[in-house]
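Each remark here refers to the structure printed beneath this line.
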Amino acid sequence: MPRQTVFAGAVDKFPLGAVINKGLTVRGAQQPGRRHIPMLLERLAAGELSTAHLATHTLSLDEAPRAYDMFKQKSDGCVRAVIRPGG
């Protein structure tokens, strides 16, 4: 007899049935942003933290269509493109 699942195929596009059939454990939580974000913003403003490593490509606003295409195609190793107005 074929194996049947009694669970939904997808919950908000999440494959819950596949997760259950494979016996996976999924954990989730909310981060305490109200507690940590003010401190992080202060450290960013003071220059103690850098976010430069988060962007793989920085382009001008005029180059936005190319930036979107690079990101979509993952060309030139583009993982995160930052578009800056005025250059």
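Values for this structure:
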| read-out | value |
| --- | --- |
| Average Cα contact separation per residue, the chain, under 8 Å, 6 or more apart, as relative contact order % | 20 |
| Built amide H within the under 5 Å cut-off of Ser60, gap 5+ | Arg84 |
| Of Phe14, Ala46, Leu24, farthest towards positive along the dipole that unit charges on Lys, Arg, Asp, Glu beta carbons give the chain | Leu24 |
| Kirkwood Rh, angstrom, the chain [1 / mean 1/r, Cα pairs] | 17.6 |
| For the chain, built as a Gaussian network whose Cα springs stay under 10 Å, the top-fluctuating residue of Ala52, Ala67, Ala29 | Ala29 |
| Unit charges on C-beta of K, R, D, E only; dipole of the chain, Debye | 460 |
| Cα-based helix-to-principal-axis angle, 33-45 vs the chain, degrees rounded to 10 | 30 |
| Full-stretch length increase - Ala45, Arg84 - with 0.36 nm per residue and alpha-carbon distance subtracted | 12.2 nm |
| The chain - percent of accessible surface contributed by carbon and sulfur, probe 1.4 Å | 56 |
| Accessible surface, the chain, averaged per residue in Å² (probe 1.4 Å) | 90 |
| Those GluC sites (Glu not before Pro) in region 16-87 that DSSP places in a loop and that have at most 15 other beta carbons within 10 Å | Glu48 |
| Nearest-ten-degree value, helix 64-73 long axis tilted from longest Cα axis of the chain | 30 |
| Potential extension, Glu63-Asp76 segment - 0.36 nm per residue separation minus Cα distance | 3.2 nm |
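The values are calculated or read from the model by the stated rules, or taken from the named source; none is laboratory data. Since the model is a prediction, treat every value here as computed from it, not as a measurement. Cβ coordinates were reconstructed from backbone atoms using ideal geometry, including for glycine residues, and neighbour counts include every protein chain displayed. All accessible areas refer to the heavy atoms of the entire protein, side chains included, with ligands and DNA or RNA removed. Shrake-Rupley method; radii C 1.70, N 1.55, O 1.52, S 1.80 Å.
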